[in-house]
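Here is the structure we will look at.
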Amino acid sequence: MFTAWRQVALLPRWLQGLLLGQLVSAVGSLAFTFLTLYLVQDRRLGADAAGLVGAAFGVGMIAGNLAGGSLGDRFGLRRCLLAATLAWAAVCGVLPLTPTSCLAALTAVGGFAAGAQRPLNMAVVLAAVAPEHRRTAAAVGRAAYNAGMVIGPPLGALAAAHDFGLVFVIDAASSALMAVTIWRLVPSPAAHPRGDSPGRTRGALWHTLRARPHVLWVLGTVIAVDVAYRQFYVALPLQLRALGLAPIAYGLLLAGSCAVIVALEVPLSVRMAGHRALALVALGYGLVGLAWLVVGVAPSLVTAVLAVLVLTAGEMLYKPTATATVADAAPEGYAGRYQSLYASASVAGMFLAPALGGLGWAHAPRLVLPVAGAVALLAAAALALHDRAAARHTGLVTSVTQV
């Protein structure tokens, strides 16, 4: 394990500093976590009105995920990441002072900035390292985020108990610090003549994707698996409540999952570096499916704990590997757009899982987790079959070439 973490020291110094800045920023990322509670408790909005403001954030986030990479490829990844980070800091800073009638519009702008940061940040990180180190870099980034999620929410709860405005001040300050980190540490890319920038012609992105079918398979399957995975935040807490368990049980499971990721994801990514990427992604999908079958078929606290451990193992396998796989496939000038596509696909469950999981729970609660497990297992089988077929095709081509 310690040998694996020492490999992080091989990353460029500026990238180590950026990842440390991401940890600090993740600790302070409180605004969205406490937004609904703030709107209901401090702004005295009804649950329906608060939901609409939250939905505006979601719409903006989807747009930011989709557009961030294209903007980065066109105007520069570093420049756009810095602009998006500063925009989010500004939104957090002014939100407590904003009239209630303008909150939806402001949170939509904030959602766009927050959504754009994810593909831009990942593109900056993964473009800076050699392909063989990209899984590790992606895992380190996720470990930093999850460490922040372990530390940040309790601190945010303490701040909110004193003054809800502090939640947004902390987020604005940590984001401003992240912007300074980007400005000081991330190197400026070499300038390209405007007319020579690749990928500007209509249909060029789709043309590159058609030439890389494995990317389309990853994007398609990760949408289905993300909907299944995010029942962690929808069906699992409802299942624990149905078992008569207090909310602290779910909170401890969530915190435990984050702690496992922080401790083990980087060593696991180093250990698995020599394995076929799509095979690892498919295995991760399969573990997600198995987790939900375990607790869905025989719900109890024990099976819930076991399911979360298996789910976390699957997440640690498929998420950094899929991220690096898409980055490896990106042609020159498309790094941002490829990460935008993956970011959009990999958060699809944020918007589909609550609707589908909630609807399913209202009509057939005992089926929600087993069905989610089956969906993930089908996606695993589909990707594994594609990987096997691609491997056979590559072997045939190699044999013919040698003859």
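Kirkwood's formula applied to the C-alpha pairs of the range 203-403 gives a hydrodynamic radius of 17.8 angstrom. In order along the range 23-40, the Karplus-derived 3J(HN,Hα) couplings, from 6.51 cos²θ - 1.76 cosθ + 1.60 at θ = phi - 60°, round to 4, 4, 5, 5, 4, x, 7, 10, 4, 5, 4, 9, 4, 4, 4, 4, 5, 6 Hz, and Gly and Pro are given as x.
Centre-to-centre separation between the Cα atoms of the range 372-393 and those of the range 135-192: 36 Å. Taking amide hydrogens as placed 1.01 Å from N in the peptide plane, the amide H of residue 334 sits under 5 Å from that of no residue at least 5 positions away in sequence or on another chain. Each Cα pair under 8 Å and six or more residues apart adds its separation to the average, and for the chain the resulting relative contact order is 25 percent. Using a Debye calculation, one point per C-alpha and no hydration shell, please list log10 I(q)/I(0) for the range 324-397 at q = 0.25 Å⁻¹ in order. Here the Debye-derived log intensity ratios amount to -1.10.
Residue-wise HN-Hα couplings along the range 126-139, as the Karplus relation 6.51 cos²θ - 1.76 cosθ + 1.60 with θ = phi - 60° gives them from phi, are 6, 5, 8, 10, 5, x, 5, 9, 5, 4, 5, 4, 5, 5 Hz; Gly and Pro carry x. Residue 188 to residue 306: FRET efficiency via 1/(1 + (r/R0)^6), r the Cβ-Cβ distance, R0 51 Å, to the nearest 0.05? About 0.55, to the nearest 0.05. Highest-first packing order for the peptide set 357-363, 215-221, 335-341 is 335-341, 215-221, 357-363, based on the mean count of other beta carbon atoms within 10 Å. If every alpha-carbon in the chain counts as one equal scatterer, what log10 I(q)/I(0) does Debye give at q = 0.07, 0.10, 0.13 1/Å? Log-scaled intensity ratios, in q order: -0.33, -0.69, -1.20.
The relative contact order of the range 203-403 comes to 38 percent, based on Cα pairs under 8 Å that sit 6 or more residues apart. Go through the range 220-257 and name the chymotrypsin sites (Phe, Trp or Tyr not before Pro) that are in a DSSP coil and have 16 or fewer other Cβ atoms within 10 Å of their Cβ. For chymotrypsin sites (Phe, Trp or Tyr not before Pro) across the range 220-257 that sit outside H, G, I, E and B with at most 16 neighbouring Cβ atoms in 10 Å, the list reads 233. Over all orientations, the range 1-187 has a Cα convex hull whose mean projected area works out to 10.8 square nanometres.
Per-residue ellipticity at 222 nm computed for the chain from its helices equals -27500 deg cm²/dmol, with DSSP H segments shorter than 4 residues left out and the rest contributing -39,500 (n - 2.57).
Shown here is the pair-distance distribution of the range 58-123: with all Cα-Cα distances grouped in 5 Å bins from zero up to the longest one, the shares run 4, 22, 28, 22, 13, 7, 3, 0 percent.
No value in this document is a laboratory result; all are computed from the given coordinates. None of the values given here were measured: they were computed from a predicted structure. Positions of Cβ are backbone-derived with ideal geometry, glycine not excepted, and every protein chain shown enters the neighbour counts.
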